[in-house]
């Protein structure tokens, strides 16, 4: 019995020590606060916001009675879609992205005046962004003008400046406003697509006309070159014919004026014939004052006369 009482006492002491350690750890945990990277922490004491924010890192010691609120101070992006009306009374859907971040030194003011991160977006950023979109879109003449680069740049700059001046005093730094998408009314989109198709068809016809024009120019140049080549060939032939005619005329004139010229040519012809190994006999007109070769007889001929 005494041993059982002793065992029960030891067990009770162990449970007491464990409970004491848990309470001690819990109490000790309240004396420091670790703030994650990219965050700022705001402390409140019985509902009163402490004016000094706590940046990332370990903070020791802190009041164990503090309640803590954390703000993500890294860059974020909010996407918004709004239907806006241009001066032609047509509605266009605009998709806009706003890049922003919470200012860490102003997080106590944000908590005191607005609340948490989501409350800041719903109370300040979204309503102001929609208001500026509607206001700035009234300056656009036609719905299709939203596709113009100049219109988009003007709209983005106006939204950026308007949001900066409104949100900075509330603890939000606006870094950029970007146009993500523009959706025009269906009938305008269809009309624009048809217009683009017509423009593409016109450009195609222009290209085809230019190609045909180039081909015709090439054909004209080729025909001109062929004509000039033919004219040059004809010119050369005429020059050659003129030269031959001149030569024949000169020979005839020389023959008419000098019988010795004919005799010389006859002797040259006879000399050329004599070089032929097949030449055997020559018959000359002896009664002529200018004897000429009359016939060349090959010895293989069966009808050749005998000398």
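A compact table of results
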item: Among the candidates 194, 201, residue that is out of contact with any helix residue (DSSP H, G or I) (no Cβ under 7 Å at 6 or more places or on another chain), modelled with pLDDT of 85 or more and farther than 20 Å from residue 91 by Cα; result: 201
item: Flag for residue 170 being free of Cβ contacts under 8 Å to residues at least 40 places away in the same chain, over 24 Å from residue 89 (Cα atoms) and either assigned by TED's automatic domain parsing to the domain that holds residue 90 or in contact with a strand residue (DSSP E or B) (Cβ under 7 Å, 6 or more places away or on another chain) (or both); result: no
item: Near pairs, Cβ below 6 angstrom, 6+ apart or cross-chain, from the stretch 93-118 (farther than 15 Å from residue 55 by Cβ) to any residue that is in a helix (DSSP H, G or I); result: 114/120; 114/123
item: Residue count for the stretch 72-81, restricted to those that are in a strand (DSSP E or B) and either under 15 Å from residue 173 (Cβ atoms) or out of contact with any strand residue (DSSP E or B) (no Cβ under 6 Å at 6 or more places or on another chain) (or both); result: 4
item: Residue within the stretch 125-139 that is outside any helix (DSSP H, G or I), crowded, with 17+ Cβ neighbours inside 10 Å and out of contact with any strand residue (DSSP E or B) (no Cβ under 7 Å at 6 or more places or on another chain) present; result: no
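Listed here are the residues, each with its yes/no results for (1) at pLDDT 95 or above; (2) surrounded by 10 or more Cβ atoms within 10 Å (Cβ to Cβ); (3) on the phi > 0 side of the Ramachandran plot; (4) in contact with a strand residue (DSSP E or B) (Cβ under 8 Å, 6 or more places away or on another chain).
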residue: 9; (1), (2), (3), (4): no, yes, no, no
residue: 21; (1), (2), (3), (4): no, yes, no, no
residue: 41; (1), (2), (3), (4): yes, yes, no, yes
residue: 59; (1), (2), (3), (4): no, yes, no, yes
residue: 70; (1), (2), (3), (4): yes, yes, no, yes
residue: 83; (1), (2), (3), (4): no, yes, no, yes
residue: 93; (1), (2), (3), (4): no, yes, no, yes
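The values are calculated or read from the model by the stated rules, or taken from the named source; none is laboratory data. Just so you know, these numbers come straight off a predicted model, no measurement behind them. Neighbour counts are summed over all protein chains in view; Cβ atoms, including those assigned to glycine, are modelled from backbone coordinates with ideal geometry.
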